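The structure appears below as structure tokens.
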Amino acid sequence: MYKNLVDFTKKLYKNSENLPLHEPFFDNDEKKYLEDVIDSTFVSSVGKAIKIFEDEIKKFTSSKYAVATVNGTSALHTALKISGVSINDEVITQSLTFVATSNAITYCGAIPNFLDVDKDTLSLSPICLKEFLSSHCEMRKDGFCWNKLTNRRIKSCIVMHTFGLAGRVHELREICNLHNIILIEDAAESLGTFIGKTHTGTIADIGIMSFNGNKIITTGGGGMILTQKKDLGEKFRHITTTAKVNHEWHFDHDEIGFNYRMPNLNAALGVAQMKKLKTFLATKRNIASSYQKWGKDNSIEFVREIDGTTSNYWLNALLAENIRERDDILEITNKNGVMTRPAWKPMHQLKINQKFETFVPLVNTDWLFERVVCMPSSFSKELDLS
Ligand SMILES: *Cc1c(COP(=O)(O)O)cnc(C)c1O
């Protein structure tokens, strides 16, 4: 029954063998920049490419500050640390996300509180957040928001822009502001995604990105912390470079920092990749249109950007009728050389998270998990976009 989908995807990519879900694209630029860095001998966390890469990201996103890190997970961990998240604090996030979002919370000794997503954005639902805060939380004399059921302070909230679709950050920001909760955007998947003209990751005070090999651009491994506040920008730079106090030769560290700075070698890849970002984005919109058109002709729904937003269409996702159809599609595509994947097992279903209580029904999360199938979405020069 889904042979048609296999054939369509193979034709789209003019690839009839092993079609990956998302592979990086390199040309001679990457080799040249890497060679320059190797010749300079500055391959580690000091070097020109890091500053250039940070500046390129700042320019593209209009973020005031950007600090490059070894990966997206370390960027999240740092964002939470600098937000003051520590033992027994509660951090709200969506259950439908990659495990790094939830792990970063537990690295701080904090407790994740998983809420539901919206069906259209696949990202944290402002309605769910509002309802949870009004029914289970209260503002106390200290000016902070407390979960009445656990007697823990809700310190922070992480929204993740799923598959590059923009979440409802403005609405979430308003709710978080009213409750004195620090909002963080996990924009790991959403470089190139805008709400109006504002880049995702720059709407909240803190945002993070990832440049892992499967993301829209890659530095091999890498991440970025974005912030619109000068004091936060300085703190991020300091804590990710072992909290070393600036001095020509002395080693002094004024707190326990992390060795989380991105190496110059990785940044070189990033500089070369940024030159292609606009081409990647334009092509990905065309890939998304092709899938959506095929979907329309074959009565299969694909997830789309909502009005007022521009998705980077990092991954194209279809919605199966039910879990049985999802599993059939996964089986047929993967057995026939077309790599597809379901959504991540929701965080509240993971064994490692069973000790964390959930307080609201996660209906949309479960509904989406049973239906989402991610389709091959790489940039390629071989595409048949006719
Ligand atoms: C990729 C990703 C991360 C983590 O990034 P790494 O660079 O792999 O550490 C975090 N959150 C989400 C949603 C991701 O997709």
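What follows draws every value from the coordinates through simple rules; no lab data is involved. Everything numeric here is computed off the predicted structure, so don't read it as measured data. As a convention, Cβ positions derive from the backbone with ideal geometry for all residues, glycine included, and neighbour counts pool all protein chains shown.
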* Inverting the mean 1/r over all pairs of different Cα atoms, compute the Kirkwood radius of segment 136-259 and quote it in Å. => 16.5
* Please report the relative contact order for the chain, taking Cα pairs under 8 Å with a sequence separation of at least 6, and give it as a percent rounded to a whole number. => 25
* To do: Per residue, how big is the convex hull around the C-alpha atoms of segment 36-109? Give it to me in cubic angstrom, could you?
  => 130
* Structure fact -> For the chain, the Cα gyration tensor yields equivalent-ellipsoid semi-axes (√(5λ), largest first, whole Å) of 33, 30, 16
* Taking the inverse of the average 1/r across all pairs of different Cα atoms in segment 80-133, what Kirkwood radius in Å do you get? -> 11.6
* Asked: When the Karplus curve 6.51 cos²θ - 1.76 cosθ + 1.60 is applied with θ = phi - 60°, which whole-Hz ³J(HN,Hα) does each residue of segment 171-186 get, with x for Gly and Pro?
  -> 5, 5, 4, 4, 5, 4, 4, 4, 10, 6, 10, 7, 8, 10, 9, 8
* Name the chymotrypsin sites (Phe, Trp or Tyr not before Pro) in segment 229-326 that are in a loop by DSSP and that have at most 16 other C-beta atoms within 10 Å, would you? -> Trp249, Phe251, Phe258
* Above-threshold pairs, the threshold being 20 Å between Cα atoms, out of Lys130/Lys355; Lys11/Lys296; Lys230/Lys275; Lys11/Lys381 -> Lys130/Lys355; Lys230/Lys275
* Structure fact -> The alpha-carbon center of segment 101-175 and that of segment 1-57 are separated, in whole Å, by 34
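Express as a percent, rounded to the nearest 5, the fraction of DSSP beta bridges in the chain (both residues included) that run antiparallel. Don't skip to the end; give the middle numbers.
Values: 31 of 49 bridges.
Expressed as a percentage, antiparallel bridges in the chain total about 65.
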* Can you quote the Å³ per residue value for the convex hull of the Cα atoms in segment 326-386, rounded to an integer? => 137
* Structure fact -> The distance between the Cα centres of segment 69-86 and segment 255-272, in whole Å, is 14
* What ³J(HN,Hα) values, in whole Hz, does the Karplus curve 6.51 cos²θ - 1.76 cosθ + 1.60 give for segment 107-115 when θ = phi - 60°, with x put for Gly and Pro? -> 4, 8, x, 8, 10, x, 10, 8, 10
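With a/c under 1.5 counting as rounded, go ahead and sort segment 1-147 into rounded, prolate or oblate using the C-alpha gyration tensor (a ≥ b ≥ c being the square roots of the eigenvalues; past the cut-off, prolate if a/b is larger than b/c, else oblate).
The shape class here is oblate.
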* Asked: When the Karplus curve 6.51 cos²θ - 1.76 cosθ + 1.60 is applied with θ = phi - 60°, which whole-Hz ³J(HN,Hα) does each residue of segment 77-90 get, with x for Gly and Pro?
  -> 4, 5, 4, 5, 4, 5, 6, x, 6, 8, 3, 6, 6, 10
* Structure fact -> Residues whose built amide H sits under 5 Å from the amide H of Ile206, excluding neighbours closer than 5 in sequence, are Glu185
* Over all directions, what mean area does the Cα convex hull of segment 5-74 project, stated in square nanometres? -> 7.7
